[in-house]
Amino acid sequence: MAFSLTSMFRRAERKRVLTDLMKFDDHLLRDIGLTRGDLAAMRAGRHHTTPRRGHE
């Protein structure tokens, strides 16, 4: 039961963070090293992808 409750809270927190990040514009996302594609991958459960470097 504790494992299920913990994973439920983690999923809810991840969803909240992704929802907040989706409100950022592309420039701000780039400033923190993310793209819309990164957010889509995280939402799809592929959040262990290799992060890209800043604006090179």
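The values are calculated or read from the model by the stated rules, or taken from the named source; none is laboratory data. Everything numeric in this text was worked out from a predicted model, so none of it was measured. Quick note on the areas: whole protein, heavy atoms, side chains included, nothing else; ligands and nucleic acids left out. Shrake-Rupley method; radii C 1.70, N 1.55, O 1.52, S 1.80 Å.
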Net lengthening on full extension, Ile32/Ser4 (0.36 nm per residue, minus Cα-Cα): 6.9 nm
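Taking all protein chains together and a probe of 1.4 Å, list Leu28, Leu18 from the most accessible to the least accessible. Display every interim value, and only then the final one.
On the way: Leu28 70, Leu18 15 Å².
Highest to lowest solvent-accessible surface, that is Leu28, Leu18.
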